[in-house]
Amino acid sequence: MVEPSSNMDTSNQQIVVFSDAHVSKSWNHIAQCLGQAPGHKTPFLNPNRELNRFIDWINRSPHVKAVINNGDSIDYYFSDFLCLVDLFKNRPHNRRPSNMDLFNQMIYRLKKPYHAIPGNHDYRREAYNYAIWGTNHINLPKSLRNKHKHDIGHHAFRGLWELSSIMVNKKGHGFDTLHRGIRTSQGLTIGNYHCIFMDSGCDAFARAINWLKYIRQVVGARMISYDSEGFDNEELKILQGMLSTCDSQDILLFQHTPLINPKKSRLGKTYQLSIDTFDRLRREQKLCYSTILNNGGGLLKTLRDSRKNISLVSSHTHTARYFLIEKSSLKATEVSNPEFNAHRSDPGLIKHLTTLPLGHINPKDDGNRTGFLKISPAGFKEHILHSFGG
């Protein structure tokens, strides 16, 4: 981990935010398997390669003063795929390969101040079954995966052990300086922005206590939603204290999973939020697609009651969305990036955005890579660079 400095030069500073790197040793193995099939039309997106290219680009960028990792650094913790036979071998965990080790080897090459928060995938313990969960997020369609599944692996059905893929890694998620809840240090100040980091937790369905609420939300909104656990009251009290004692007026609040998110983007559409009936209204308006499950109303109240100029930067959804939430009426409007930036200094609005994943392929731009957010005095901007300038 490279700790950020609090006394950096503030002239022309830029913060670069990346998320959803989803590093895994399996991707390198898949790349080798597909190398045996020349001429396949769909380019395989290797997240490991994209993270390395991103780090090289950042190290060459003189105006980037800090890098923030907004979660989902790895796809799952233990990189080997355990079948039923492997369970009886009872291999000690300290002898099993870790995707976090691979990620750390990459990120140690970064020459900029760095800070990271965990995402829901960083808590996942075991490898998942590609036949069940799919691999479309790395641009590997089912037909191509099935063609090479015997070489790729990760497809043997394991019965009830399939649930192991959502097990929480109880020994920690690999971030040495972070713990469950909000980071208790004084945070990070860059330019006029004071940064606060929150941990939105593991997958909501990984904990039995959330199942009734999770099922109710899925049924009510009529869509499968990959939610994170969210926050408890103690974590929100810590956030309230940090907001009230911070000297800076401009706040960047980072958490992996968003507060609100519609399944389909509709610029200009307005939604009505409420603190008391937050969960119900979010379900009715289908704003609960892959969001935090618990205490969304509490978080909204905390942000509304603060007089600070707050921008909430989240990820997780693999889409870039921008919302302006009026503190007075709690009306949320989905807006474009330019309109979002036009109001970035208005303390009467909660600015809420989600970022693209690192290495996302833009189908309209012939393989250009997208997926990191640049925050500068000019505003918030998603960047598109061909192979990160390589």
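The values are calculated or read from the model by the stated rules, or taken from the named source; none is laboratory data. These numbers were taken from a predicted model, which means no experiment stands behind them. So basically every Cβ, Gly included, is an ideal-geometry build from the backbone, and we count neighbours across all protein chains shown. Areas reflect the complete protein model, heavy atoms only, side chains present, ligands, DNA and RNA absent. Shrake-Rupley method; radii C 1.70, N 1.55, O 1.52, S 1.80 Å.
For the residues Leu273, Leu267, Leu239, Leu252, the requirement of being open to solvent by 80 Å² or more (accessible area, probe 1.4 Å) and in contact (Cβ under 8 Å) with a residue 24 or more places away in the chain singles out Leu267. Among the residues of the range 181-196, the one identified as open to solvent by 10 Å² or more (accessible area, probe 1.4 Å) and either part of a helix (DSSP H, G or I) or modelled with pLDDT of 90 or more (or both) is His194. Does Ser274 qualify as being within 18 Å of Asn70 (Cβ to Cβ) and at pLDDT 95 or above? No, not satisfied.
For the range 64-100, a residue qualifies if it is surrounded by 13 or more Cβ atoms within 10 Å (Cβ to Cβ), assigned to a helix (DSSP H, G or I) and not aliphatic (A, V, I, L, M), and the qualifying residues are Asp86, Asn99.
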